[in-house]
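Asks: Handing you this structure, nothing more for now.
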Amino acid sequence: MFKMYKELLKKYFTQQDLDEIAKAISEQEQFTSGEIRVSIRAKRGWTEQKNSLQELALKEFYRLKMNQTKERSGVLLFFLFEEHQFYILADEGIHLKAESLWQSVAQFVSENFKAGKYVEGISQAVRTIGKTLGQHYPRKTDDTNELSNQV
């Protein structure tokens, strides 16, 4: 799995690209108690062939412990890169509050990916989600970064 991940990175992303996405996450989380994660995979594993994209995103959501944030305000951008698919999964605390946002973010990501602008598409999605999280979950004085910002 690690080898597949490294090959994906070399093909589409540099370490600088991943650092740029992590920086976008970090910058947005300065204004919100919400948590944003980006997970990029090349494709489904052999045992995952029958799983839906939503099931895979949910599995990743739990693996990253996004369901354990204090305010249930985590948002995952999950990509199956070689399959040209992605899924935006928001925890119950934010999903209904920002339901209209998910389609516009998906549209923006799709347009950028079609143009080969992967980092720009992901970073802009992070910024848009971060602004919305900030409206509904402004950063509190006792806020801590509950989850890693690394891709």
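The values are calculated or read from the model by the stated rules, or taken from the named source; none is laboratory data. Quantities reported herein were computed from a predicted structural model and do not represent experimental measurements. Cβ coordinates were reconstructed from backbone atoms using ideal geometry, including for glycine residues, and neighbour counts include every protein chain displayed. Surface areas here come from the heavy atoms of the whole protein model, side chains and all, with no ligands, DNA or RNA. Shrake-Rupley method; radii C 1.70, N 1.55, O 1.52, S 1.80 Å.
Asks: Mind checking which residues of the range 72-105 are touching a residue at least 12 places away in the same chain (Cβ under 8 Å), more than 15 Å from Arg127 (Cβ to Cβ), aliphatic (A, V, I, L, M) and assigned to a helix (DSSP H, G or I)?
Replies: Within the range 72-105, Ile94 is the sole residue that qualifies.
Asks: Considering the range 85-126 alone, what residues qualify as being charged (D, E, K, R), within 30 Å of Lys70 (Cβ to Cβ) and surrounded by fewer than 19 Cβ atoms within 10 Å (Cβ to Cβ)?
Replies: We begin by selecting, within the range 85-126, every residue charged (D, E, K, R); these are 91-92, 97, 99, 111, 114, 117, 120.
If we keep only those that are within 30 Å of Lys70 (Cβ to Cβ) as well, we get 91-92, 97, 99.
Scanning the range 85-126 gives Glu92, Lys97, Glu99.
Asks: In the range 45-71, what residues are assigned to a loop (DSSP other than H, G, I, E, B) and at pLDDT below 90?
Replies: Correct list: Gly45, Thr69, Lys70, Glu71.
Asks: Out of (1) without any contact (Cβ under 8 Å) to a residue 24 or more places away in the chain; (2) out of contact with any Lys or Arg (no Cβ under 9 Å at 6 or more places or on another chain); (3) not β-branched (Val, Ile, Thr), what's the single condition that is false for Glu111?
Replies: Checking Glu111 against (1) without any contact (Cβ under 8 Å) to a residue 24 or more places away in the chain; (2) out of contact with any Lys or Arg (no Cβ under 9 Å at 6 or more places or on another chain); (3) not β-branched (Val, Ile, Thr), the one that fails is (2).
Asks: Okay, moving on. Check whether at least one residue in the range 111-123 is in a strand (DSSP E or B), out of contact with any Pro (no Cβ under 6 Å at 6 or more places or on another chain) and at pLDDT 90 or above, and report yes or no. Talk me through it step by step, then tell me what you get.
Replies: From the range 111-123, those in a strand (DSSP E or B) are none; that's our starting set.
No, that holds for no residue.
Asks: Applying the selection to the range 43-74, what residues are open to solvent by less than 50 Å² (accessible area, probe 1.4 Å) and among the β-branched types (Val, Ile, Thr)?
Replies: Hit for the range 43-74 is Thr69, nothing else.
Asks: Now for a separate question. Please go through the range 13-42 and give me each residue that is over 16 Å from the mean Cα position of the chain (by Cα) and exposed (fewer than 14 other Cβ atoms within 10 Å of the Cβ), ordered by number.
Replies: Thr14, Gln15, Gln16, Gln30
Asks: Next question, about the same structure. Does Lys131 satisfy the condition of being open to solvent by 90 Å² or more (accessible area, probe 1.4 Å), among the basic types (Lys, Arg) and part of a loop (DSSP other than H, G, I, E, B)? Break it down into steps so the answer makes sense when it comes.
Replies: On the way: open to solvent by 90 Å² or more (accessible area, probe 1.4 Å): yes; among the basic types (Lys, Arg): yes; part of a loop (DSSP other than H, G, I, E, B): no.
In short, no.
Asks: Sticking with this structure for a sec: Residue check, Ala90 against (1) under 21 Å from Asp19 (Cα atoms); (2) modelled with pLDDT of 90 or more, all met but one. Which one?
Replies: (1)
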